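I have placed the structure first, in the form of structure tokens, so that the comments after it can refer back to it.
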Amino acid sequence: MPVYSPSNSRTLGICWVVYGLIRLLVAVWLVGFNATATVMFGTLLTRVPDPYSLMSAFHLLYLVTIVWSFAAGLLGIVAGLALIGGKAVGRSLGIVAAFFSISEIPLGVMIGTYTLVVLLPTCTERAYVNHDSERAA
């Protein structure tokens, strides 16, 4: 199995920055359509015995979705910039960003799975640590 080289992390970092920007746009889009989503979900609750608790649950889940998308976007951008810069922390941030993004179909699954396959093996940690120590010298 080939060892991942930090020199190849530039492409992965660019992908993470683009993905992070997309997730931030999705978060803004979700905020913008909050009223529409509330009306659409509310029309489904006309025949439910207790619609208020379900509407509260909907608002909570919608808020969690917005916060999750915003956090994944910011984390993706930061991880991408760290990977582009060849920093050792880029590996850790990339792995965390991959776990945050893996729940979004299809882009998050693709970039998250690829990042985990590439960055998670322990042999990549050595490559990043060696790369930082060479740069400091």
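Nothing in this text is a laboratory measurement; each read-out follows from the coordinates by a stated rule. Please read all numbers here as calculations on a predicted model, not as lab measurements. Positions of Cβ are generated from backbone atoms using ideal geometry, with glycine treated the same way; all protein chains shown enter the neighbour counts.
Compute the separation of the alpha-carbon centres of region 17-45 and region 51-100 and state it in Å as a whole number.
Using only Cα atoms, the two centres lie 15 Å from each other.
Counting each pair of different Cα atoms once, what's the Kirkwood radius of region 1-99 in Å, rounded to one decimal? Spell out each step's value before the answer.
Details: mean 1/r = 0.0650 Å⁻¹.
Averaging 1/r across every pair of different Cα atoms and inverting gives 15.4 Å.
With each pseudo-label sitting 7 Å past Cα toward Cβ, what's the residue 11-residue 31 distance in nm, one decimal?
Between residue 11 and residue 31, the simple spin-label model gives 3.5 nm.
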